[in-house]
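Since the structure comes first, as structure tokens, the remarks are kept for the end.
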Amino acid sequence: MKRRQRRLLLIGAGGAVLCVAVALVLFALKDSIVFFNSPTDVIDKHVASGTRIRLGGLVKPGSLTRGANFAVRFAVTDGNKEIPVAYSGALPDLFREGQGVIAEGAIDGAGIFEADTILAKHDEKYMPREVADALKKQGHWMGENK
Amino acid sequence: MIAELGHYALVLALGLALVQASVPIWGARTRDPALMAVGTSTALAQFAFVAFSFAALTWCHVVSDFSLLTVFENSHSAKPLIYKITGVWGNHEGSMLLWVLILALFGALVAAFGRNLPAALKATVLAVQAWIAAAFHLFILVTSNPFVRIPNPPFEGRDLNPILQDPGLAIHPPLLYLGYVGFSITFSFAIAALIEGRIDAAWARWVRPWALVAWMFLTLGIAMGSFWAYYTLGWGGWWFWDPVENASLMPWLAGTALLHSAVVMEKRDALKVWTVLLAILAFSLSLVGTFLVRSGVLVSVHTFANDPSRGVFILAILILFIGGSFALYAWRAPALRQGGLFAPVSREGALLLNNLFLTTICATVFVGTLYPLALEALTGDKISVGAPFFNATVGRLAVPLLIAIPFGPLLAWKRGDLYGVAQRLLAALAVAIVAMAAAFAVAGGGPVLAPFVVGLAFFVMAGALTDVAERTGLFRVPFAAVVSRAAGLPRSSWGTAIAHFGVGVSLLGIVGETQWGAERIAAVKPGETVSVRHYDLTLDGLSQRRGPNYQERVAHFTVRRNGDVIGAMEPATRAFPVRQMNKNEAALMTRGTSQLYVSLGDADENGAVTVRLYHKPLVLLIWIGAVVMMAGGALSLSDRRLRVGAPRPARQKPALQPAE
Amino acid sequence: MALWFPLALMTAAAVFIVLWPLGRARLAPASRGDVAVYRDQMRELERDRTAGLIGAGEADAARVEISRRLLAAADAEGEASPASVAPWRRRFIAVAALLALPLGVITFYLALGFPGLPDQPLAARTNGPENRSIAALVAQVEDRLERNPQDGRGWEVIGPVYMRLGRFDDAVRARRNALRLLGASAAREGDLGEALVAAANGVVTAEAKSAFDHALALDAHDARAKFFTGVAAQQDGKNADAAAIWRDLLAQAPADAPWANVVRQSLARLENPVPQTAAPGPSNADVAAAADMSPEARTQMVRGMVERLAQRLARDGSDLDGWVRLVRAYFVLGEHQHALDAAADARRALAGDQDKLHQFDAALTDLAAGGNVAGVEAPK
């Protein structure tokens, strides 16, 4: 009887911790999940302005302009559609025109993607997986791995 | 010829692994000592052949034998010797060979030092170890063979990825693998126990040193990897919740839980079924980690493999071993005898609580890492679960665990006195509150979180000291008695206190870096000065330098604090012509345990260069803490009673001690 | 074959390792591991109790628990099932190890391995047995030349050796010295021109062109110099001139001239251009091989490399030097439209980087002003 009570107590404590953990996981997931979209997705799906997303594609060659105070503008393209991106801050070392990039942020009222994070990877080998997939879908892929 | 001998040795190792996988277990089932002994000799020989194979591959890298495809793709004749050697495991094929080398090494260690193990258990353990080895030998030979040759080799290789040309990376994967693969031994012991249907305190005592060794290397490997990312990636981050990092964190969490539950099992014969489960879990998570990193499921800096056939093969290994072991567990575990009783408030209870939280955190990390993959496979939606998720979940779950750390070692076995322990921890609590107040005052208000975590860190550290003070009777008995008690204290007790102290140290580093770090981005022209915190950095000029296989652009900064020159910093960017890649070389200046971090960006049209400056208070404590934790583990391992196998019974008379 | 001996030795060792324990029918000593652990637990319990880490009541209960387990372990050891020894099992395993292990391993290895392929460490390949005499010769001559750099004969001897070793820059230096010290001759001027072309990956540079011009001035019938003048014309895009030069060369050629065929092929290619074949990845091996190639095969290789460079730049447009090289290469190959397109692409790709853009324009101006691309308008 006593043994059983102890066991119940242990199971109860374990269950309680697990419940808390599950609740934490669910809440955190709800808050911190960010969907990935290619420019075509953004335009076709009419992603609402203000929704936080990750935008991935290639930096359109010739689209990069720099302003004062590390403000930069460039366009992200998937070979089909393109989206203008505004960002303020130092770009990653591996950021290059014509290279894969992921911008995290939201579209503003004017249709410009206001990014607060820019992730870049150097060559196709290290291209973010999402970007590679999206580009493949657009038939714009010329990586070495088929 | 050396390359072909290495290749042949690897095939021979597979052959021996197959013998080792079958004959000893047959011997164990039929109680035939000769058959069981085959396990020992083949385990040693398998290691010898894999080691020969690895040495042959290393030799081919050193002499730049570009007739090997892996050497051609990952080496270059102009590369410094050290990176020719580290290039052996800087790629998929070589790193898998290192993986099996370590697997074979652990098998050989059990064979060589497991003399005290019951013969049947040892034979079964070695057989299970050989199942894993055979699967991975086959994987290497079929899908990732490092000995593939080119008949008409080119005259120059394609270089090693410059990001990977770094001393940190030279030792980081071997350490990590020693950790990952170390858990294969505890796994083999668990499976062997399930097959033998016998598990007891002695089993825990045999398993614990192995778990401890694996845990130590994994701790050091994770710390090294984090330090490498910190100084090499150019923006001073030390933990990214990258799936590759999570892949090493999950076995660490499970392994830490295993370490603690094995104590309960060894000392009190309780929590057996749970410990076996953790042993299986720790290695399964290592396999999951290997799968994530090696299959190309995730693409990140660490991933060199892109061939899907590899992914499918590893997935098959994964399903076979994890599925098989859990099926065996479900079938055999209910038959295992339950052991000692204990009250919820007791040392056992505290360790169980620790296990509960560690495994819950581990499960959370698991969900966060695999949920995006699962969602994409099911719905095609691509999501990212980033740092905010992990900070919100792991951060909160870790707080009760950390609070509980000082209580655990002070609680008595079987039935503890929580109130008494709390009283003994009053001093530690006082230290924590003072630290909290000091942190609050120094930070000048600000978020409450940082001072709270500082207090928590000091509570953990002071708690560890309290543990030692209590055990040696410090302040209660005369000093001479304290010294003699301290000398008589088991090393594993010291190890516990030191490892727990290390947790507090790391925590202090984490809170310092994340809450009080300063960051500044600026465009600087030669002659200009830029400041971060109390440091003023003047750009003296830029220059070009030529290295063995790269060209670098160096910025020369003079660092001043309150007008006094305290040193120079020279961040650089390196261009590697062969790979057409650039690499950032950040400059670091250590001030106590804090660091000043400068990395160089692009030059703009006006001749100004973009620099990123960071002040990272207490950042070194993160890794110092990990090293302290590892030192605690090492001390615990050196405890005579814990050394491989049980104490030698020869010196004692075989008669039983009278049961009072 | 030398490889089979160590392979056989290794196999024998592996088989022996399996057989060895089978031959020793010893009985495993009964383990006392469990008992020792429990006894140790007893001692530790005592220690914990003196340290106050466990209550007296709990300690008694624990002692009873441990004693019970201790007794059980001692009993289990006493009645451990006796070791069974069945000779047939050992014989079966021995036979399997003798037959299946070597056979399986060798079959699998033969399916995967490359037993016929010797090691090819880089040092041995540049300094191997067949090259040793050359290497020794080179070292000897270099040594002498170091002490006596005015030895024109020495420079002349080492020139062709450098060419064969693929050390084209050294060959250029050697032939320049030979020319300077021994005086001009059509052959020496032609040698220098050839080395310059090889060093420039098959491109007839302005300097090489002038060397061939000198050679022709000394001997208007020097076939090699004439041929390369044709190549230069072709690379400048003056296909008609090239064709005229080569036709002239063929007309003068002795019937049995070994090079006549090469010229004929070049001419044929000029008149019916073949589509480019996409060559596999460029490597230094290709470049080294170029040393032994006929000049037009070399041009072919250059084209392949240009093609690959263009592909790479299409993916990564940030490489300033690459763009300059590409534009230059197109100019040299006479493909002016391509060159202008590439320049436009380069400007687009470099648009974000004013610094590089300036450098690029400066390089283009240099390029257009250079001797070997005369007649091309300087781009704005």
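The values are calculated or read from the model by the stated rules, or taken from the named source; none is laboratory data. Note that the coordinates shown come from a computational prediction; the quantities given were computed from them, not determined experimentally. When we count neighbours, we look across all protein chains shown, and the Cβ atoms used for this are built from the backbone with ideal geometry, even at glycine.
Report yes if some residue within the range B:394-416 is of a type outside the set (A, V, I, L, M), touching a residue at least 40 places away in the same chain (Cβ under 8 Å), more than 24 Å from B:His260 (Cα to Cα) and out of contact with any Cys (no Cβ under 8 Å at 6 or more places or on another chain); otherwise report no. Scanning the range B:394-416 turns up no residue that is of a type outside the set (A, V, I, L, M), touching a residue at least 40 places away in the same chain (Cβ under 8 Å), more than 24 Å from B:His260 (Cα to Cα) and out of contact with any Cys (no Cβ under 8 Å at 6 or more places or on another chain).
Residue by residue, here is whether (1) within 30 Å of B:Phe458 (Cα to Cα); (2) touching a residue at least 40 places away in the same chain (Cβ under 8 Å) holds:
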{"position": "B:Ala487", "(1), (2)": "yes, no"}
{"position": "B:Gly502", "(1), (2)": "yes, yes"}
{"position": "B:Tyr535", "(1), (2)": "yes, yes"}
{"position": "B:Leu539", "(1), (2)": "no, yes"}
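One residue stands out in the range A:40-69 among those that are part of a loop (DSSP other than H, G, I, E, B) and touching a helix residue (DSSP H, G or I) at 6+ places or on another chain (Cβ under 8 Å): the one that is farthest from the other protein chains (Cβ to nearest Cβ), namely A:Val47.
Residues checked against (1) more than 14 Å from chain C (Cβ to nearest Cβ); (2) in a strand (DSSP E or B); (3) in contact with a Lys or Arg (Cβ under 8 Å, 6 or more places away or on another chain):
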| residue | (1), (2), (3) |
| --- | --- |
| B:Arg520 | yes, yes, yes |
| B:Gln544 | yes, yes, yes |
| B:Thr590 | yes, yes, no |
| B:Asn606 | no, no, yes |
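Quick check on A:Val131: is it surrounded by 16 or more Cβ atoms within 10 Å (Cβ to Cβ), at pLDDT below 85, β-branched (Val, Ile, Thr) and outside any strand (DSSP E or B)? Here the answer is yes, as A:Val131 does meet what is asked.
Being in a helix (DSSP H, G or I), more than 9 Å from every other protein chain (Cβ to nearest Cβ) and surrounded by fewer than 23 Cβ atoms within 10 Å (Cβ to Cβ) is true of B:Ala51. Within the range B:15-46, the residues that satisfy the criterion of being buried (at least 24 other Cβ atoms within 10 Å of the Cβ), hydrophobic (A, V, I, L, M, F, W, C) and within 29 Å of the chain's Cα centre (by Cα) are B:Ala17, B:Ala43, B:Ala45.
Scanning the range A:70-92 for residues that are within 20 Å of C:Asp353 (Cβ to Cβ), within 14 Å of chain C (Cβ to nearest Cβ) and assigned to a loop (DSSP other than H, G, I, E, B) returns A:Leu91, A:Pro92.
Quick check on the range B:157-198: of everything there that is assigned to a loop (DSSP other than H, G, I, E, B) and modelled with pLDDT under 80, which residue is farthest from B:Asn582 (Cα to Cα)? Let's see the steps before the verdict.
Narrowing the range B:157-198 to residues assigned to a loop (DSSP other than H, G, I, E, B): B:157-161, B:165-166, B:197-198.
Going one step further and asking which of them are modelled with pLDDT under 80, we end up with B:157-161, B:165-166, B:198.
Working: B:Gly157: 18, B:Arg158: 15, B:Asp159: 13, B:Leu160: 13, B:Asn161: 10, B:Gln165: 12, B:Asp166: 14, B:Arg198: 57 Å.
If we take residues in the range B:157-198 being assigned to a loop (DSSP other than H, G, I, E, B) and modelled with pLDDT under 80, then B:Arg198 is farthest from B:Asn582 (Cα to Cα).
Within the range A:23-30, not a single residue is assigned to a loop (DSSP other than H, G, I, E, B) and facing another protein chain (nearest Cβ under 10 Å).
Results for (1) within 14 Å of chain B (Cβ to nearest Cβ); (2) exposed (fewer than 14 other Cβ atoms within 10 Å of the Cβ); (3) over 30 Å from B:Phe66 (Cβ atoms); (4) modelled with pLDDT of 85 or more, shown as yes or no for each residue.
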residue	(1), (2), (3), (4)
C:Glu207	no, no, yes, no
C:Ala211	no, no, yes, yes
C:His221	no, yes, yes, no
C:Gln234	no, no, yes, no
C:Trp259	no, no, yes, no
C:Val263	no, no, yes, no
C:Pro282	yes, no, no, no
C:Val287	yes, no, no, no
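Is it true that B:Pro372 is at pLDDT below 90, more than 23 Å from the chain's Cα centre (by Cα), more than 20 Å from A:Ala21 (Cα to Cα) and at the interface with chain A (Cβ under 10 Å from one of its Cβ atoms)? Against the criterion (at pLDDT below 90, more than 23 Å from the chain's Cα centre (by Cα), more than 20 Å from A:Ala21 (Cα to Cα) and at the interface with chain A (Cβ under 10 Å from one of its Cβ atoms)), B:Pro372 does not qualify.
The condition of being at the interface with chain B (Cβ under 10 Å from one of its Cβ atoms) and either within 19 Å of B:Leu397 (Cα to Cα) or buried (at least 19 other Cβ atoms within 10 Å of the Cβ) (or both) holds for only one of A:Leu18, A:Leu9, that being A:Leu18. Based on what the data block shows, is B:Leu105 within 16 Å of B:Val125 (Cα to Cα) and surrounded by fewer than 24 Cβ atoms within 10 Å (Cβ to Cβ)? Here the answer is yes, as B:Leu105 does meet what is asked.
Within the range A:95-117, take every residue that is within 14 Å of chain C (Cβ to nearest Cβ) and either touching an Asp or Glu at 6+ places or on another chain (Cβ under 9 Å) or not aliphatic (A, V, I, L, M) (or both) and give me the one that is surrounded by the most Cβ atoms within 10 Å (Cβ to Cβ).
Initial filter on the range A:95-117 (within 14 Å of chain C (Cβ to nearest Cβ)): A:95-101.
Next, from what is left, pick out any that are either touching an Asp or Glu at 6+ places or on another chain (Cβ under 9 Å) or not aliphatic (A, V, I, L, M) (or both): A:95-100.
On the way: A:Phe95: 24, A:Arg96: 25, A:Glu97: 23, A:Gly98: 19, A:Gln99: 22, A:Gly100: 28.
Restricting to residues being within 14 Å of chain C (Cβ to nearest Cβ) and either touching an Asp or Glu at 6+ places or on another chain (Cβ under 9 Å) or not aliphatic (A, V, I, L, M) (or both), the top hit is A:Gly100.
Could you tell me whether the range B:562-570 includes any residue that is buried (at least 19 other Cβ atoms within 10 Å of the Cβ) and closer than 25 Å to A:Leu91 by Cβ? Checking the range B:562-570: at least one residue is buried (at least 19 other Cβ atoms within 10 Å of the Cβ) and closer than 25 Å to A:Leu91 by Cβ.
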